[in-house]
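Have a look at the structure below, then the notes.
The values are calculated or read from the model by the stated rules, or taken from the named source; none is laboratory data. Please read these numbers as outputs of a predicted model, since none were measured by experiment. Reconstructed Cβ throughout: ideal geometry from the backbone, glycine too, with neighbour counts over all protein chains shown. Surface areas here come from the heavy atoms of the whole protein model, side chains and all, with no ligands, DNA or RNA. Shrake-Rupley method; radii C 1.70, N 1.55, O 1.52, S 1.80 Å.
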Amino acid sequence: MRASSSAPGAVGITAAACGLAAVIAVVSLGWTLWYGIVERPVALAFGVMICLGELARWGSGREREPAPLGAAGALAYALLGQNAGHATHHGVLQVIAVVVAAALAGAVPHVALGRGRTRDHLTRRVLTVAFAAACFQPLYNAGKLKDWVGHGPYFALVIVALLVLTALCDAVLAAAVAHTRTRRPFAPLLRDELRAMLGIGSAVCATGAVMALAVAVAGLWALPVFSLPLLLTQLSFRRYAAVRATYRQTIASLARATEVAGYTPQGHAHRVAGLSRAVGRELGLTGADLTVLEYAALMHDIGQLSLVDPVPQGATAALPEAQQRRIALLGGAVVRQTGVDSAVAVVVERQADPYRDQPLTARIVRAANAYDEMARGEGPSGALGGPLNALERLRLATGRDYQPEVVESLARVVSRGGLSSPPAG
């Protein structure tokens, strides 16, 4: 039996965030239409910029900030106090209305093509912009910021501080949405989001701050000047992501060689990679370590191609230690010949070592591989007895073969039902 992908409470939290964003958007649009748009050239310039940023949004929907140019423009408009030395008076509701209208216009092609989670993306955009505008616009329009910090360097520091707070709120919101959808622990998700702020997130915040300050001095001509570097950065990231995707597909194709040759069951490498990545996240691995873990899990059985006769069902966990070590060393040698990161080869080579001598990534792959082999051999696909018995056997072998913390993390991943059960042997 496959567990549901999201709990009722998770759906409720996500729906609440979407509902709040929808209410804020409708109220803002209604208010702006009723009272009219203040300073239309400024609103139009920022609206066009945000719309173009959304049109250039990354198509996969997996990135933490798929539309950095649109995000920077929205934050700059929310924190805009002057235009070429003249005070602006657009206010919180107009900021939200312009951002919503521009984002919706830019999202039309993505919705039509079914790209990514547009609803989640727009929810985060509305709530983060509303937070930034609500923190800045009332204080600025009331003259409080001028009285407190003036328009010198301290004013710039206030802008930066507000952007940092907005980014933190966005990280918390993104982690909460991911938690409700995946039921993964909130803390590692939040840690992932905070670490991501050091990458494209910091570029978005910096560009938003510079835009707001530059428009205050130079006027709207500053928008294309300061948006071009971020647009080029976005294009570079897209190319880098495409290269990474091609690289991963190549590794996945190499991993299928053992399946095509009849050495391992269909889908075994991908199931082990999925389990390993989920356990790695559970244990706090992020970034490059998760990538190494996934690649090693995909290629952990490639050493079986050296065997004259295939192991029944590819179940190497039950083989004698000497044979396991030979397969692991040969697999590592093959991985090194492919040009993959040497860290991946190390994980593959050390699959047969006692777990206390292994790096954490190798311990995770070893436990995930053994679980898939045991669960596949215990019962039919989806049968509850197979996974439970496999976990019990892993727990009994934690004295030497498997790290207890890894096994318990694996048990939590399996209990959440995020991955399908292995097929029958």
Does ALA214 qualify as being more than 22 Å from GLY284 (Cβ to Cβ) and either touching a residue at least 60 places away in the same chain (Cβ under 8 Å) or open to solvent by less than 20 Å² (accessible area, probe 1.4 Å) (or both)?
yes
Within the stretch 224-234, tally of residues that are surrounded by 20 or more Cβ atoms within 10 Å (Cβ to Cβ) and among the aliphatic types (A, V, I, L, M)
1
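Could you grab me the full set of residues in the stretch 248-296 that are under 21 Å from GLN337 (Cβ atoms) and hydroxyl-bearing (Ser, Thr, Tyr)? Write out each step before concluding.
Here is the first cut: in the stretch 248-296, the ones under 21 Å from GLN337 (Cβ atoms) are 248-261, 263-264, 269, 273, 291-296.
Across the stretch 248-296, the qualifying residues are THR250, SER253, THR258, TYR263, THR264, THR291, TYR295.
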Has the stretch 236-251 got any residue that is surrounded by 16 or more Cβ atoms within 10 Å (Cβ to Cβ), modelled with pLDDT of 85 or more and assigned to a helix (DSSP H, G or I)?
yes
Of all residues in the stretch 17-41, which are out of contact with any His (no Cβ under 7 Å at 6 or more places or on another chain), open to solvent by less than 60 Å² (accessible area, probe 1.4 Å) and hydrophobic (A, V, I, L, M, F, W, C)?
ALA17, CYS18, ALA21, ALA22, ILE24, ALA25, LEU29
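Might you check whether a residue that is at pLDDT below 80 and open to solvent by 40 Å² or more (accessible area, probe 1.4 Å) occurs anywhere in the stretch 329-336? Before you say what the answer is, go through the steps one by one.
The first filter runs over the stretch 329-336 and keeps only residues at pLDDT below 80, leaving none.
No, the conditions are met nowhere in the stretch 329-336.
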If ARG395 meets every condition in (1) open to solvent by 60 Å² or more (accessible area, probe 1.4 Å); (2) more than 21 Å from LEU293 (Cβ to Cβ); (3) modelled with pLDDT under 85 apart from one, which number is that one?
(3)
Quick one: what pairs do we get from the stretch 90-113, first residue over 14 Å from LEU44 (Cβ atoms) and touching a residue at least 12 places away in the same chain (Cβ under 8 Å), second acidic (Asp, Glu) and part of a helix (DSSP H, G or I), C-beta under 8 Å, 6+ apart or different chains?
ALA103/GLU54; GLY106/GLU54; ALA107/GLU54; HIS110/GLU54
So THR118, is it buried (at least 17 other Cβ atoms within 10 Å of the Cβ), more than 30 Å from HIS86 (Cβ to Cβ) and not aromatic (Phe, Trp, Tyr)
yes
Lone unmet requirement of (1) surrounded by 14 or more Cβ atoms within 10 Å (Cβ to Cβ); (2) at pLDDT 90 or above for ARG57:
(2)
Picked from the stretch 169-202 (must be free of Cβ contacts under 8 Å to residues at least 40 places away in the same chain and in contact with a Leu (Cβ under 6 Å, 6 or more places away or on another chain)), the residue surrounded by the fewest Cβ atoms within 10 Å (Cβ to Cβ) is ALA178
Answer yes or no as to whether SER306 is without any contact (Cβ under 8 Å) to a residue 12 or more places away in the chain and in contact with a Lys or Arg (Cβ under 9 Å, 6 or more places away or on another chain).
no
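Return the residue satisfying two criteria in turn: it lies in the stretch 398-425 and is under 26 Å from ALA178 (Cα atoms) and charged (D, E, K, R), and of such residues it is modelled with the lowest pLDDT.
Going through the qualifying residues, I end up with ARG416.
Checking the conditions here, which among ARG277, ARG271 is within 19 Å of GLN351 (Cβ to Cβ), open to solvent by 50 Å² or more (accessible area, probe 1.4 Å) and in contact with a Leu (Cβ under 9 Å, 6 or more places away or on another chain)? Reasoning before the result, please.
Working: ARG271 fails: open to solvent by 50 Å² or more (accessible area, probe 1.4 Å).
Of the residues listed, the single one that is within 19 Å of GLN351 (Cβ to Cβ), open to solvent by 50 Å² or more (accessible area, probe 1.4 Å) and in contact with a Leu (Cβ under 9 Å, 6 or more places away or on another chain) is ARG277.
Of GLY150, GLY116, which residue is in contact with a Ser or Thr (Cβ under 7 Å, 6 or more places away or on another chain) and at pLDDT below 85? First the steps, then the outcome.
Values: GLY150 fails: in contact with a Ser or Thr (Cβ under 7 Å, 6 or more places away or on another chain).
Only one candidate passes the filter, namely GLY116.
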Residues of the stretch 91-105 satisfying the condition of being within 20 Å of LEU162 (Cα to Cα) and either at pLDDT below 90 or surrounded by fewer than 24 Cβ atoms within 10 Å (Cβ to Cβ) (or both):
GLY91, VAL92, LEU93
